[in-house]
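Remarks on the structure that follows.
The values are calculated or read from the model by the stated rules, or taken from the named source; none is laboratory data. Predicted model only: the values in this text are computed from it and were never measured. In this analysis, Cβ positions are derived from the backbone assuming ideal geometry, glycine residues included, and neighbour counts consider all displayed protein chains. The protein model used for the area step is the full one, side chains on, heavy atoms only, and it has no ligands, DNA or RNA in it. Shrake-Rupley method; radii C 1.70, N 1.55, O 1.52, S 1.80 Å.
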Amino acid sequence: MRAYLDLCQRIIDEGTWVENERTGKRCLTVINADLEYNVGANEFPMITTRKSYFKSAIAEFLGYIRGYDNAADFRKLGTKTWDANANLNESWLNNPHRKGEDDMGRVYGIQGRAWAKPDGGTIDQLQKIVDNLTNGIDDRAEIMTFYNPGEFHMGCLRPCMHTHNFSLLGDTLYLTSFQRSCDVPLGLNFNQIQVFTFLALIAQITGKKAGMAYHKIVNAHIYEDQLELMRDVQLKREPLPLPKLNINPDIKTLKDLETWVTMDDFEVEGYQCHEAIKYPFAV
Ligand SMILES: Nc1nc(=O)c2c([nH]1)NC[C@@H]1CN(c3ccc(C(=O)N[C@@H](CCC(=O)O)C(=O)O)cc3)CN21
Ligand SMILES: O=c1ccn([C@H]2C[C@H](O)[C@@H](COP(=O)(O)O)O2)c(=O)[nH]1
């Protein structure tokens, strides 16, 4: 994907060094990046300039759809991405709200599926969106947000891709996703796949045609220990044609996603890539 590489190059050419207190690492940073993916044409935005792990990325997002709050449940689905944040982050380990090994606290999925109302009970943001879209309704607030500042102290990490806003024009469904903070070498590789797949899945279960997905990023950064690999290895490579994502057509409802779907229900067709690159991960 040329747009991904352009963003990486822009960070290197125009980025500003910013100290990050949470990780103790410096980040080369730019503000504001807009990416878009053509879901209708099935142009699956999987990075080709290194080996990318799409199942891990989709498993992570399926975990959010299911409202998971535990890294062990994410592992069962097929991704280890939450292990470090749940179990290795010093300030979370000492947090009295942490319920033990693998607990992530009140992050992503909990907010999306069971937002706590101040007057008691919970709100299922995703169920409301699916019900409305299935009935052809776009109330101009088809929003799932994971961003709940009142509960940041009860979770291991503030959500990065924090808000997903669906729109319906005729029978075509669009998605605009907002991200406040983006680890471009590692996280964005996953987040592109997640935005694309979220629109494809919701279109499929609501009986709509998928249109474009728009991905809006505020702080886009490369950590200091990732810079050399990005500049001297990944950016020297030419991108290859994009693959297609095939989703099992038997997935027809939100219940299906919540119950029997596994990573075997997702398949990539025509993926060609350059060799793997192992980027350091900042906890
Ligand atoms: N510093 C940081 N960057 C992130 O991108 C990030 C966080 N923290 N914390 C929360 C989640 C977890 N995410 C992650 C975590 C790990 C990988 C990772 O290690 N990816 C490897 C291998 C993936 C695999 O083998 O499945 C990669 O090469 O893409 C990617 C995204 C994205 N998020
Ligand atoms: O989906 C995700 C989740 C996390 N990230 C990255 C962005 C940052 O590098 C860290 C989070 O640190 P904060 O201090 O909370 O901003 O994780 C991502 O790119 N995508």
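Structure above, values below:
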read-out: Residue tally, condition within 15 Å of GLU228 (Cβ to Cβ) and either modelled with pLDDT under 95 or surrounded by 14 or more Cβ atoms within 10 Å (Cβ to Cβ) (or both), over the stretch 13-31; value: 5
read-out: Entirely in the stretch 55-151, the helices (runs of 4 or more DSSP H) that have 3 or more residues that are within 16 Å of ligand 1 (Cβ to nearest atom) and open to solvent by less than 40 Å² (accessible area, probe 1.4 Å); value: 71-77, 83-87, 108-114
read-out: Residues that are over 23 Å from ASP83 (Cα atoms) and touching a Phe, Trp or Tyr at 6+ places or on another chain (Cβ under 7 Å), drawn from the stretch 95-137; value: THR122, ILE123, GLN125, ILE129, LEU133
read-out: Verdict on GLY211 being in contact (Cβ under 8 Å) with a residue 60 or more places away in the chain and either on the phi < 0 side of the Ramachandran plot or within 14 Å of the chain's Cα centre (by Cα) (or both); value: yes
read-out: Selection from the stretch 249-273 of residues that are in contact with a strand residue (DSSP E or B) (Cβ under 9 Å, 6 or more places away or on another chain), among the acidic types (Asp, Glu) and in contact (Cβ under 8 Å) with a residue 40 or more places away in the chain; value: none
read-out: Output for the stretch 152-185, where each listed residue is in a strand (DSSP E or B), within 15 Å of ligand 2 (Cβ to nearest atom) and in contact with a helix residue (DSSP H, G or I) (Cβ under 7 Å, 6 or more places away or on another chain); value: MET161, HIS164, SER177, GLN179, CYS182
read-out: Any helices (runs of 4 or more DSSP H) falling wholly within the stretch 186-283 and containing at least 1 residues that are under 30 Å from GLY170 (Cβ atoms) and either of a type in the set (S, T, N, Q) or within 12 Å of ligand 1 (Cβ to nearest atom) (or both); value: 187-206
read-out: Residue satisfying all of: in the stretch 213-234; open to solvent by less than 40 Å² (accessible area, probe 1.4 Å) and aliphatic (A, V, I, L, M); farthest from VAL39 (Cα to Cα) among these; value: LEU227
read-out: Some residue of the stretch 170-182 being open to solvent by less than 20 Å² (accessible area, probe 1.4 Å) and near ligand 1 (Cβ under 9 Å from one of its atoms); value: yes
read-out: Residue match in the stretch 255-277 (condition: within 16 Å of ligand 2 (Cβ to nearest atom), aromatic (Phe, Trp, Tyr) and surrounded by 19 or more Cβ atoms within 10 Å (Cβ to Cβ)); value: no
